[in-house]
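Trainee: Here's a structure for you.
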């Protein structure tokens, strides 16, 4: 039966370091493989070669990819983030336009109805007051 006295502190510390290193290695593999498969500048054979290299020679493969492709990884991540930000901004603008565009838009619609004679001045004033109070 193993008890705490049979497993000294330095062994516990070493086990924790090894476990941490293993988790970091797995995380790096996931990040690198994600980057490899997102790349559009290399073909399928190159992607397969990188995968085999990282599986057959794990630490050398990961370190080689990080050394050789660090600028490319950063650039691709930046482009992805900018594309996501542009997409989000366009979505927000589209939703804002669909929702009416705020009080100024509602007042403008009321003004157009007033100019056409579809509503009276009192109704326009009510629309204007409601639009300003709601926002």
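Trainee: Is it the case that residue 66 is surrounded by 12 or more Cβ atoms within 10 Å (Cβ to Cβ), under 29 Å from residue 24 (Cβ atoms) and in contact (Cβ under 8 Å) with a residue 12 or more places away in the chain?
Mentor: Values: surrounded by 12 or more Cβ atoms within 10 Å (Cβ to Cβ): yes; under 29 Å from residue 24 (Cβ atoms): yes; in contact (Cβ under 8 Å) with a residue 12 or more places away in the chain: yes.
Judged against the criteria, residue 66 is a match.
Trainee: Taking the range 16-52 on its own, how many of its residues are free of Cβ contacts under 8 Å to residues at least 12 places away in the same chain and more than 19 Å from residue 76 (Cα to Cα)?
Mentor: 14
Trainee: Next question, about the same structure. Mind listing whichever residues of the range 105-135 are exposed (fewer than 13 other Cβ atoms within 10 Å of the Cβ) and in contact (Cβ under 8 Å) with a residue 24 or more places away in the chain?
Mentor: 132, 134, 135
Trainee: When only residues in the range 83-101 that are at pLDDT 95 or above and farther than 26 Å from residue 29 by Cβ count, which is nearest to the chain's Cα centre (by Cα)?
Mentor: Ranking the candidates gives 85 first.
Trainee: What about residue 10, is it farther than 30 Å from residue 132 by Cβ, in contact (Cβ under 8 Å) with a residue 12 or more places away in the chain and either loosely packed, with under 10 Cβ neighbours inside 10 Å or within 25 Å of the chain's Cα centre (by Cα) (or both)? Give the derivation first.
Mentor: On the way: farther than 30 Å from residue 132 by Cβ: yes; in contact (Cβ under 8 Å) with a residue 12 or more places away in the chain: no; either loosely packed, with under 10 Cβ neighbours inside 10 Å or within 25 Å of the chain's Cα centre (by Cα) (or both): yes.
Here the answer is no, as residue 10 does not meet what is asked.
The values are calculated or read from the model by the stated rules, or taken from the named source; none is laboratory data. The shown structure was predicted, so the numbers you read here are calculated from the model rather than taken from an experiment. We place every Cβ from the backbone using ideal geometry, glycine too, and count neighbours over all the protein chains shown.
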